[in-house]
Amino acid sequence: MRIGELARRAAVSTRALRYYEQQGLIAARRSANGYREYDEDDLRIVTEIRSLLTVGFTLADARPFVACLRAGNATGASCPDSVAVYRRKLAEIDEEIRTLLARRAEVAAQLSTACPGCVRREQGEK
């Protein structure tokens, strides 16, 4: 399939596909007329990349998942390096949650000082 069809089927722009190619995540074959040609494996890889980006992973994070798919695995998550990325990302998210909870507690304390009783009232309104 050509780049336009891959873009349509993967719901990404052709510009994104060219960028993924530039980053070494996908590799187009060239037809005799110079058009980029892709196959179903490329579609699987782009779909995997997009699903990872959607939940906050970076393109660098996606590399082990792509390598896992290229190695012939059914999913990009079935390799030890991919599992390590998942674990690291979960640890990052847990740290972000702790940071947000601490910030929330500080803002609630400041609100409580500025407006006694406001914090309880707002928590109960949910």
Please find the FRET efficiency linking C118 to A74, where r is the Cβ-Cβ separation and R0 is fixed at 41 Å, and quote it to the nearest 0.05. 0.20
Throw me the Rg/Rh for the range 1-85, computed over C-alpha atoms with Kirkwood Rh, two decimals. 0.97
Net length gained if the chain between E21 and L59 were fully extended (0.36 nm per residue, minus Cα distance): 12.5 nm
Longest principal axis of the chain (C-alpha) makes with the long axis of helix 40-54 (C-alpha) an angle, in degrees to the nearest 10, of 10
Long-range HN-HN contacts of I26 with modeled amide H, under 5 Å: E21
Under the definition of Cα pairs under 8 Å and six or more residues apart, what whole-number percent is the relative contact order of the range 8-91? 18
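Taken together, the values in this text are just the output of simple stated rules run on the coordinates, not laboratory data. Computed from a predicted model, the values in this text were never measured in an experiment. All Cβ positions, even for glycine, are placed from backbone atoms using ideal geometry, and neighbour counts span all protein chains on display.
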